[in-house]
Each structure stands twice: as structure tokens, then as C-alpha cells.
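Have a look at the structure below, then the notes.
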Amino acid sequence: MREHVGVQDTGDEGDAGDESHWKEVLEPERYEVLRLKATEPPFSGALLDVHDPGLFRCAGCSSPLFRSDDKFDSGSGWPSFTRAASDGVIVEREDTTHGMRRTEIICAGCGGHLGHVFPDGPRPTGLRYCVNSLSLTFEPEGGMKR
Ligand SMILES: [Zn+2]
């Protein structure tokens, strides 16, 4: 039995209170990814080629999750980072769906699904945080939100 910050496992249509709130405030595509753990098609994301200095925030709760300094081009088709913006902003948990053993990454602030982290990233961390563009918003350094 896994229990986590209001995230429901697939197939569990229980308590709709919290989740219906998200359906109202998020755009449909963002809702699908953040709350239903959908994955956007590779190379489709708006933030894939963003390399300007700035901060990537959670599209659900605006928590600062990643920095552009840690973003790299992994060739995977999804925005990729070597580490989180700071300790504690991202929760990891084991994901054994789709016949694979992966590590899901979740926003600690709102429980939104972000993507997965893999141990095949570049130095210095050796980690690759593979994140859906739809889970994030980009805030350019010293500027307005796009
Ligand atoms: Zn969040």
C-alpha cells in the first residue's frame, strides 16, 4: 500500500474533492500530466529548447523546481535536468507501471506528477530528471513569466 500526498494510483476513482479542484484550475493538457500522470509526446513540449537563464516552476503550485543552469539536452525529447532547484522540492517514489521499474518524480508542494528520474545523466550528479513541459512554467531571470 503506497500512500502519498493526495496522489491516487491509476484505477482508483475514490475521493474526488481535491482532484476536481485541479480540473478547474489547470488547463486540460496540464491536468492530464500533473494529476493523471500522462506523458506528453516527445519533442512536443514548449520548454524543451528553452535555455535562457531562469527558473522552472511547478505548473500546479508555482513551487520552484528546476534551474536553467541544471538543464541539458538529453536528446530524449523532454526537458532534462541534472538536479532539483533545492532539497525537498521534489519527492521520488518507485513506479512499476508499464512493466518497468522507474523512479517517478512528484512536486512536493502539490503532489503533481512531473516525470521520472534516471541514473544515466551527465556529471556532476549522474542523474537525469526527465520532465514534462506541461508540468512546468518558465520564469526568465529578472523578467516576467512567459
Ligand atoms: Zn506543485
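The values are calculated or read from the model by the stated rules, or taken from the named source; none is laboratory data. Because the structure is a prediction, the values reported are computed rather than measured. Virtual Cβ from ideal backbone geometry, glycine too; neighbours counted across all protein chains shown.
Numerical summary
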quantity: Residue check for Thr82: free of Cβ contacts under 8 Å to residues at least 24 places away in the same chain and either under 22 Å from Lys23 (Cβ atoms) or of a type outside the set (Asp, Glu) (or both); calculated: no
quantity: Selection status of Ala84, away from the ligand (no atom under 12 Å from the Cβ) and in contact with a Leu (Cβ under 9 Å, 6 or more places away or on another chain); calculated: yes
quantity: Some residue of segment 131-138 being touching a strand residue (DSSP E or B) at 6+ places or on another chain (Cβ under 9 Å) and exposed (fewer than 12 other Cβ atoms within 10 Å of the Cβ); calculated: no
quantity: Residue tally, condition hydrophobic (A, V, I, L, M, F, W, C) and within 16 Å of the ligand (Cβ to nearest atom), over segment 39-78; calculated: 8
quantity: Pairs, first under 16 Å from Ile106 (Cβ atoms) in segment 34-49, second among the aliphatic types (A, V, I, L, M) and in a loop (DSSP other than H, G, I, E, B), C-beta under 9 Å, six or more apart; calculated: Leu34/Leu26; Leu34/Ala59; Arg35/Val7; Arg35/Leu26; Lys37/Val7
quantity: Residue match in segment 75-94 (condition: under 21 Å from Gly142 (Cβ atoms) and small (Gly, Ala, Ser)); calculated: yes
quantity: Residues within segment 115-146 that are in contact (Cβ under 8 Å) with a residue 60 or more places away in the chain and within 16 Å of the ligand (Cβ to nearest atom), tallied; calculated: 11
quantity: Selection count where residues are touching a helix residue (DSSP H, G or I) at 6+ places or on another chain (Cβ under 8 Å) and at pLDDT below 60, scope segment 1-41; calculated: 3
quantity: Elements of type strands (runs of 3 or more DSSP E) contained in segment 14-128, each with 1 or more residues being surrounded by 14 or more Cβ atoms within 10 Å (Cβ to Cβ) and in contact with a His (Cβ under 6 Å, 6 or more places away or on another chain); calculated: 102-107
